[in-house]
Amino acid sequence: MKNIVILISGGGSNMAAIVKTAQRDNWHDKFGARVAAVISNKASAGGLVFAAENGLATHVLDHKAFASREDFDAALASVIDRYEEPGRPVLLVLAGFMRILTSGFVSRYEGRLLNIHPSLLPAFPGLHTHQRAIDAGCQVAGATVHQVTAELDHGPILAQAVVPILPGDTADAIAARVLTQEHRIYPQAIADLLRHQ
């Protein structure tokens, strides 16, 4: 069984979309894969409730309890690695996980660490993507699923979705429109990856 571990920091709507798709499309039988655990760096993350209600293992690792990023990442890796099975490495999915991971951590999970970013990368890496798209006069915005590399919001692109920027749009209006597409393309990109493994 290939175990999928999802990292969150908040409400976990992308995580929930992935879990629901995995259940609906029977990833267990189709790909020999399952969402096994959800880990958060915040005990208050609302997504932990959804995860527990859906029978998933949950873990909280408060990053503030660690002296350095490296210490936090080492502790995080030790929890993730509990879900490794012989010959079936964990697929690690970032879904609103608001921590920059160290290069050592990224290297450890290279090729099996995914993220979703609310812009059409390579445009607008980092924060405040929708406002930056408005300020730049863009006519479209969107989301990108990509493999994680040591460089923030870079790495091979696996899927993208485009939404229009409408006259008078606010960053919040664009964010809501983009989020519906994130919920569609993130599970789809993971399924595509599992299909070809």
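Summary table
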item	result
Number of positions in segment 123-145 that are of a type in the set (A, V, I, L, M, F, W, C), over 13 Å from Leu166 (Cα atoms) and at pLDDT 95 or above	5
Residue identified as more than 14 Å from the chain's Cα centre (by Cα), within 19 Å of Ala95 (Cβ to Cβ) and of a type outside the set (Val, Ile, Thr) among His146, His130	His130
Which numbered condition Ala77 misses (of (1) modelled with pLDDT of 95 or more; (2) assigned to a loop (DSSP other than H, G, I, E, B))	(2)
Qualifying residue in segment 23-34 (condition: over 24 Å from Val106 (Cβ atoms), in contact with a Pro (Cβ under 6 Å, 6 or more places away or on another chain) and in a helix (DSSP H, G or I))	no
Any hit, segment 171-186, residues being charged (D, E, K, R), more than 24 Å from Val35 (Cα to Cα) and modelled with pLDDT of 95 or more	yes
Pair list, Cβ under 9 Å, 6 or more apart: segment 3-26 residue under 18 Å from Asp192 (Cα atoms) and touching a residue at least 40 places away in the same chain (Cβ under 8 Å), other residue among the acidic types (Asp, Glu) and in a helix (DSSP H, G or I)	Asn14/Glu182; Ala17/Glu182
Scope segment 123-174; condition touching a strand residue (DSSP E or B) at 6+ places or on another chain (Cβ under 7 Å), surrounded by fewer than 18 Cβ atoms within 10 Å (Cβ to Cβ), under 22 Å from Glu110 (Cβ atoms) and in contact (Cβ under 8 Å) with a residue 40 or more places away in the chain; matching residues	Gln160
Those residues of segment 30-46 which are of a type in the set (Val, Ile, Thr) and without any contact (Cβ under 8 Å) to a residue 40 or more places away in the chain, in sequence order	Val35, Val38
Every residue from segment 104-122 that is at pLDDT 95 or above, assigned to a loop (DSSP other than H, G, I, E, B) and exposed (fewer than 15 other Cβ atoms within 10 Å of the Cβ)	Pro122
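The values are calculated or read from the model by the stated rules, or taken from the named source; none is laboratory data. Since this is a predicted model, take the numbers as computed values, not measurements. Heads up, the Cβs are rebuilt from the backbone with ideal geometry, glycines too, and the neighbour counts pull from every protein chain shown.
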